[in-house]
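For reference, the structure is listed below as structure tokens.
Just so it is clear, none of the values below were taken in a lab; they were calculated from the coordinates. Being a predicted model, the structure only gives us computed values, none of them experimental. Don't worry about glycine lacking a Cβ; one is built from the backbone with ideal geometry, like all the others, and counts go over all protein chains shown.
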Amino acid sequence: MESLIKRAKNPKKIRLGFYPYTYVRTVVMRSFLFKMEDYHKMLKMGFNEIAKFLQDSYYQNEINELAREYSGANLLERALNKALENSFEKLIRISSEQLQVLIKEYLKRKDIEDIKTIIRGKFTNADEKAIISSLAAAGTLSREYLMSLTRKESIEKVLADSILKDNEITSFELLKDGLRELNEKNTLAGIENTLDRYYYEHLLDFSARLPKQGALFKDFLLNEIYILNLLTLFRMKRSNVDKKIIKSFLILSGDNLKDSKISSLAEIDNINELQKALEKTPYAEIIAKGIGEFKKNGSLMSLEIELYKYLLKKSILLLHQHPLTIDVILGYMFAKDIEVRNLKILVKGKQLGLSNDFIESQLVFWQ
């Protein structure tokens, strides 16, 4: 495996001061997040009751603002996206220049999500309005700019334009193999993997420059990368993908020992052997349950959901450890992301008439 970025041997450290005003304001913002009992109330409600509950909550402004153009589940989803965007914009406004750098580096993941939404829409010939309605615009790229990308006539032009922004997402040179794969094999996998790998490798490089108070954030990031690599391994082993190709899709952590271990898992022949190799990891129970479901129905969805939930619960530690540090800010961003994700699942589940038990199994409670 080869890194997509050049890591400095002695990276220059980022200086972060003490910003009690920002930290306290963030704690106040966190206090408005829904509690477990709020979710249990909503689970007992019908779709219209949930809509009313959200309209009477601190999502009121976004819902009222968009109610003139949209209705039903479409209104709620757009309002949730707008609220996420507003929350992160407020966080940037109340932060110092140094803290803003950290926040924006994290938020580039939202840009990546939106760019992937746009190219997937182009790939499937989706209506421009449908693509726009799916954009969160909660990262560093403005909604107006993202909407301009939806008007580009090809995926290549979307990518060429998106990487020329001052706040660079990746290098166009790195996307050439993915674009060739798109033209030859009609798949976005190579492009999406390059975007993800570059983002995580760049963010890890950035986190190495943080002072000691950023250690918890780096620990979470390493957990996230490990889980993403596990999911890549299981998905590709299920599809009998060549081992060399699997290795090219893995995200590097920059730690030679860890990277060597995850690379060795790509050499394993099948899912059963992969499960055995992971029996002594913290994920063993989750993996055993997920593979059990896979053997019953041929789907890895249960495994993906449970690993994702494990990851989100780990992120919640950032809310409770090291108060009045940057961890409080990062923890709030994770928790807010979780809340919007939960509410979208609730709204969609109720709209589709799914059982309360199934909907609840998809939710992550941050308390």
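Ignoring lysines fewer than eight residues from Lys185 along the same chain, the ones with Cα atoms less than 28 angstrom from its Cα are Lys110, Lys116, Lys122, Lys129, Lys152, Lys157, Lys176, Lys237, Lys243, Lys244, Lys247. Considering only Phe18, Ser299, Asn270, and ranking their Cα positions along the charge dipole of the chain that arises from unit charges at the beta-carbon of Lys, Arg, Asp and Glu, the one farthest toward the positive end is Phe18.
Considering only Leu149, Asn183, Ala160, and ranking their Cα positions along the charge dipole of the stretch 98-209 that arises from unit charges at the beta-carbon of Lys, Arg, Asp and Glu, the one farthest toward the positive end is Leu149.
The loop-placed chymotrypsin sites (Phe, Trp or Tyr not before Pro) in the stretch 52-117, going by DSSP, that have at most 15 neighbouring Cβ atoms within 10 Å of their Cβ come out as Tyr58, Tyr70.
The ellipsoid equivalent to the alpha-carbon distribution of the stretch 98-209 has semi-axes of 23, 18, 11 angstrom, derived from the gyration tensor eigenvalues as √(5λ) and listed largest first. In summary, the stretch 238-367 shows an alpha-carbon radius of gyration equal to 1.26 times the 2.2 N^0.38 Å reference for compact globular proteins. In the stretch 87-161, the alpha-carbon atoms span a convex hull of 82 Å³ per residue.
For Ser361 and Asn64, what is the calculated FRET efficiency with R₀ set at 30 Å and r taken between the beta-carbons, to the nearest 0.05? It comes to 0.40. Helix screen, the chain: DSSP H segments with Cα axial length of 24 Å or more and mean Kyte-Doolittle hydropathy at least 0.5 are 215-238.
Considering only Cα atoms, the convex hull volume of the stretch 3-129 works out to 186 Å³ per residue.
Of the trypsin sites (Lys or Arg not before Pro) found in the stretch 266-297, those in coil by DSSP whose Cβ has at most 14 other Cβ atoms within 10 Å are Lys280.
Annotation: for a label point projected 7 angstrom from Cα along Cα→Cβ of Ser248, no residues of the stretch 107-123 have a backbone N closer than 11 Å.
Here r is the Cβ-Cβ distance between Thr187 and His40 and R0 is 51 Å; the resulting FRET efficiency, rounded to 0.05, is 0.75.
Here the dipole of the stretch 7-131 is about 880 debye; that uses its Cα centre as origin and unit charges on the Cβ of Lys and Arg (positive) and Asp and Glu (negative). The residue list Ile103, Thr281, Asn61 was ranked by how far each Cα lies along the charge dipole of the chain toward its positive end, using unit charges on Cβ atoms, and Thr281 comes out on top. Of the GluC sites (Glu not before Pro) found in the stretch 225-301, those that fall in a DSSP loop while having at most 14 other beta-carbon atoms within 10 Å are Glu267, Glu279. Counted by neighbouring Cβ atoms within 10 Å, the residues Asp56, Asp111 run from fewest to most as Asp56, Asp111. With a Cα-only, solvent-free Debye model of the chain, what are the log10 I(q)/I(0) values at q = 0.09, 0.10 Å⁻¹? For the chain at q = 0.09, 0.10 Å⁻¹, log10 I(q)/I(0) is -0.55, -0.69. With a Förster radius of 35 Å applied to the beta-carbon distance between Ser148 and Glu304, the computed FRET efficiency rounds to 0.60.
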